[in-house]
Amino acid sequence: MLAFSLVSGFALSAFVIVLAFLFQNTAVGASVMQRFGVSLVNYTLLNLPQVLMDGLTLGFVYAAIALGYTMVYGVLEFINFAHSEIFAIGAFVGVEVLIALAAYGLIGGQNSLLSAYLWLLVALLAGMLVAGTMAVLVERIAYRPLRGAPRLVPLISAIGVSFFLQDAIRLIESVTTGQFHRIIPAFGNFDNRIPLFTVAGNTVDIQIKSLIVIVAAIIMLVGLNYLVNATKVGKAIRAVAQDRATASLMGIDVNRIISMTFLIGGTLGGAAGVLYALKFTRIDPFVGFFPGLKAFTAAVLGGIGNLTGALLGGIVLGLLETFAGTYMSIFTMGVAGAEYKDIFAFGILILVLIFRPQGLMGENVAQKA
Amino acid sequence: MSQVSFNRLLETARQGRWPYILTLAHVLIGALLVYFSPRSNIAFLLLLSSLGTLYALPTDRRFKVILGAFIALVVMPIVGVRNIFYLEIIFQISVFVALALGLNIVVGFAGLLNLGYVAFYAVGAYLWAFFGSQQYYVLPFAPGTQPTDLPFLLPGDAFYLFLLLAIIVAALTGILLGLPVLRLRGDYLAIVTLGFGEVIRQLANNLDKPLNFTNGPQGITPIQRPTLPQFAVDAFNALFQPIIGQPVATATLYNVMFYLLALLVIIVIIIVTIRLEDSKIGRAWTAIREDETAAIAMGVPLVRLKLTAFAVGASFAGVMGALMAASRTFVSPESFSFMQSIGVLSMVILGGVGSIPGVILGAATVTILNLQVLQGLSLYLSQLRQSDAVIPIINFAWRDLSTQLDPAKYQRLLFGIILIVMMIFRPAGIIPAQRRQRELASEHADEKQPA
């Protein structure tokens, strides 16, 4: 896992450096010289470590969401379109808890750092709990009656759930708070930056909250890996994923296991939502849409149904997106830049589906009709 | 007991002369009510629903066509001219009927779930928006910096040519999208088309540099309209002046013209759909929808037929896009969001996938819910907010209600509920396609047989 992210990071860096050398003596190089006063190669090199760090953080956010898609897909072969809204619910619950805590004076201001971290953990757990419950409810109401129907029927229902939840969040927020944009209160030292190392007089640093995101995502993956591969429930989940009918003949309560899968996926999605809110501070009811689609892309990229694949896909996608967002504008001299980063993932999704539908490390899904 | 007599009543309504009498009565009452109280929503809905009665009751086919054409071509424009709000609603309904019928070909016949259908609509809209406005001369200017006295590239009458061009360009876009992705399985295809829809929207949003093609988020305006044919204006005034009672404004006449153009497109779509349904292509589509592997085994050229479905569906959206651009004289990326695609999809699902009358009903219902019910609720709430009214038991003053709570903005809730409820309780729609009806009947027959 670590090796893989290093390899993809290095590959991308090498690609950008080669590009920089190639364009050094063209109009691109001249424009960078004019704007920043350094040569194109130097500019690229100076930026690289920070871009790698940011890309990695973004990648872990995607990976945390992608785990939920991949869990459900592995068991039901069904794209849980509403997962992005489960994620948004997690984010909202977390933020509302923190806002309430700030209103009671429990976080921010004079409170100790330790309490900040503890209350963040509480908000995280609250987000996970509500999101997980919602995911189970959604499965019970909107997906379970459709099990066994043609493949597109539950997908359409899931799209309906996704739309319904977006406006339901908005409705609740509008009625209770009078607005539907929420901003996470400032507390703790999460915005501070830790210097990591210095390259040619340039300090590369990482925000504490980015570090939290990365650590939390790794804990989630390790925990999930343990749960799926080393516990009795995990064994049951794998059995249901492999063959539902046989699993039920072996005495496994299939419905319970599927609920369990949604609970786990929803919990992880909720945690990802709180982490996202921590990292990007501002949320609205439609916040899940793009991260959700990108996480789905990440899951497909890594091989949908495969847990490690989801992490790898997330990291690759996060790195690619950050690289594109930073360097595309420079190499195209401002013609196309970061404004295309939201659709960048779709290009990758289409390319992956055409050339390697099984993803980086998954089985071939395109053949499984 | 009451159930029995109700059934008997229904039985009677379907026999002898009764269907004709009832239909005519419905139309007449509706028309008279609208005539005497042009502001009443109920009267208007009654008149609209008479088309449903006309469809549902067993009358002679010629009677249906003639009366339906009379309502659509004569009664509706008069109603619309007398109350512009209704003209807007019937125009919107006809636009969405056309879009839903187009999507129905892709989803209903070929079984390809296209979640980015609105992209083709955008292609048609931006096609005419670019060539029918000053945008060609704005190309070197950043948004907001162009001089004001630029000429138009083409005369407004080129619009009719661009209606045809929009068909071709949108169909080509459909093929372009379809080629790489059509070998994907259904649910992947859906996500990719969703992505494609977003890509088109973002392109419209961002292609204001290096050359200003789309004017970015501000959108392109003004877009030209074709000139009104003078003889038609004269004829309209001569015929309907006595009924309407006042001279008709040019802007209203334009709206009538665009409504009639939209009707023309709908008629073409319906004819094409019916002719396709039972053709070799249509049957091949059904085969693909039901079982891809079996279809291939039977020698159905899979990719070519899927591309055909994509192209046919896309071309209809393209035409409606160009029409919409001209009628609004304005396009902006906002009109082509994912929510629009889902809105059209929920119309198809609500009415009945693959069923023409169903899709028309679905489109009309959702549009009315959107434009009349949700906006009516908004209006009602804002009135309550201005009043001193208080909800009794919980002692909540309406004035304190958030202004964010505007039902007109809650379309997603509506679409979401429609999609979920229909999928769970009636996946074939309100008026199921006849083929599905037969399938369902035979399934039930199978169940009754002892195993």
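The values are calculated or read from the model by the stated rules, or taken from the named source; none is laboratory data. This is a predicted model, so every value here is computed, not measured. Note that we place each Cβ from the backbone using ideal geometry, even for glycine, and neighbour counts take in every protein chain shown. Accessible surface areas use protein heavy atoms only, side chains included; no ligands, DNA or RNA. Shrake-Rupley method; radii C 1.70, N 1.55, O 1.52, S 1.80 Å.
Out of A:Gln34, A:Gln358, A:Gln207, any idea which swings most in a Gaussian network model of chain A, alpha carbons joined below 10 Å? Result for chain A, Cα springs under 10 Å: A:Gln34 fluctuates most.
Going by alpha carbons, how many degrees (0 to 90, nearest 10) lie between the helix axis of A:289-302 and the longest principal axis of chain A? Around 90 degrees separate the two axes. On full extension, the segment bounded by B:Ile271 and B:Leu139 gains 43.5 nm, given 0.36 nm per residue less the C-alpha separation. Pairing chain B with chain A buries about 4300 Å² of accessible area. This figure sums both sides and uses a 1.4 Å probe. Counting only trypsin sites (Lys or Arg not before Pro) that DSSP places in a loop and that have at most 14 other Cβ atoms within 10 Å, the longest clean stretch of chain B runs over B:40-451.
Axis of helix A:208-230 versus longest Cα principal axis of chain A: the two differ by about 40°, to the nearest ten degrees.
Report the far tail of the P(r) of the stretch B:329-426, meaning the percent of Cα-Cα pairs longer than 23 Å. Summing the P(r) tail past 23 Å for the stretch B:329-426 gives 42 percent. The phi-based Karplus calculation (6.51 cos²θ - 1.76 cosθ + 1.60; θ = phi - 60°) puts the 3J(HN,Hα) values of the stretch A:71-80 at 4, 5, 5, x, 8, 10, 6, 9, 7, 7 Hz, whole numbers, x for Gly and Pro. Here the Kirkwood formula puts the hydrodynamic radius of the stretch B:39-133 at 16.0 Å, using every distinct Cα pair. With R₀ fixed at 25 Å, the C-beta to C-beta distance from A:Thr231 to A:Leu211 puts the FRET efficiency at about 0.30. Taking a cut-off of 18 Å between Cα atoms, list the aspartates and glutamates near B:Lys306, but don't count ones fewer than 8 places away on the same chain. The qualifying aspartates and glutamates are B:Asp187, B:Glu277, B:Asp278, B:Glu290, B:Asp291, B:Glu292.
Largest mean-square fluctuation among A:Leu45, A:Leu249, A:Leu67, in a Gaussian network model of chain A whose springs join Cα atoms under 10 Å apart, belongs to A:Leu249. Legend: Rg and Dmax of the stretch A:115-246, from Cα coordinates, 20.8, 63 Å. Taking amide H atoms as placed 1.01 Å from N in the peptide plane, the amide H of A:Val199 lies under 5 Å from those of A:Val204, each 5 or more residues away in sequence or on another chain. Remark: the B:Gln375-B:Leu260 segment gains 38.9 nm on full extension, using 0.36 nm per residue and subtracting the alpha carbon distance. Near the amide H of B:Val331, within less than 5 Å, lie the amide hydrogens of B:Ile220, all on another chain or at least 5 residues away, with H placed in the peptide plane. In order along the stretch A:182-189, phi translates into HN-Hα couplings of 10, 10, 5, x, 7, 7, x, 10 Hz, rounded to whole numbers, per the Karplus curve 6.51 cos²θ - 1.76 cosθ + 1.60 with θ = phi - 60° and x for Gly and Pro.
Amide H to amide H, with H built 1.01 Å from N, B:Ala397 comes under 5 Å of B:Ile391, counting only residues 5 or more places away or on other chains. At a Cα cut-off below 16 Å, give the lysines reachable from A:Lys279, other chains included and same-chain residues fewer than 8 away excluded. Within the straight-line limit of under 16 Å, A:Lys279 reaches these lysines: A:Lys209. As a rough guide to protection, the peptides A:73-81, B:244-252 ranked by mean Cβ packing within 10 Å, highest first, stand as A:73-81, B:244-252.
Remark: the B:Arg17-B:Ser37 segment gains 4.2 nm on full extension, using 0.36 nm per residue and subtracting the alpha carbon distance.
Among A:Ala103, A:Ala64, A:Ala131, the largest mean-square fluctuation in a Gaussian network model of chain A (Cα springs under 10 Å) belongs to A:Ala103. Here each label is just a point 7 Å from Cα along the line to Cβ, and for B:Gln241 and A:Ala14 those points are 8.3 nm apart. Between the Cα long axis of helix A:254-280 and the first principal axis of chain A there is an angle of about 30°, rounded to the nearest 10.
Provide, for q = 0.06, 0.08 Å⁻¹, the log10 of I(q)/I(0) from a solvent-free Debye sum over equal Cα point scatterers in the protein assembly as shown. Here the Debye-derived log intensity ratios amount to -0.45, -0.80. The Cα atoms of chain B cover 76, 63, 60 Å along the three principal axes, with the biggest extent listed first. Cross-link partners for B:Lys209 among the aspartates and glutamates, with Cα-Cα distance under 13 Å and sequence neighbours closer than 8 places in the same chain left out: A:Glu339. In terms of the Cα gyration tensor, with a ≥ b ≥ c the square roots of its eigenvalues, is the stretch B:88-356 rounded because a/c is under 1.5, prolate because a/b exceeds b/c, or oblate? It comes out oblate by the Cα gyration axes. Both numbers refer to the Cα atoms of the stretch B:106-173; Rg and Dmax are 15.7, 50 Å.
Going through the stretch B:61-98, which chymotrypsin sites (Phe, Trp or Tyr not before Pro) have at most 13 other Cβ atoms within 10 Å and a DSSP loop state?
In loop regions of the stretch B:61-98 (DSSP not H, G, I, E or B), there are no sparsely surrounded chymotrypsin sites (Phe, Trp or Tyr not before Pro).
Both radii come from the Cα set of the stretch B:1-82: Rg as radius of gyration, Rh as Kirkwood radius; their ratio Rg/Rh reads 1.04. Quantify how much of the Cα-Cα distance distribution of chain A extends past 37 Å, in percent. That tail contains 24 percent of the Cα-Cα pairs.
In chain B, helical runs assigned H by DSSP with n ≥ 4 each contribute -39500 (n - 2.57); averaged across all residues and rounded to the nearest 500, the mean residue ellipticity at 222 nm is -22000 deg cm²/dmol. Backbone N atoms of the stretch A:260-274 closer than 17 Å to the 7 Å Cα→Cβ label point of A:Arg140 belong to residues A:260-267. Beyond 20 Å, how much of the Cα-Cα pair distribution for the stretch B:299-372 remains, as a whole percent? The share of Cα pairs beyond 20 Å in the stretch B:299-372 comes to 46 percent.
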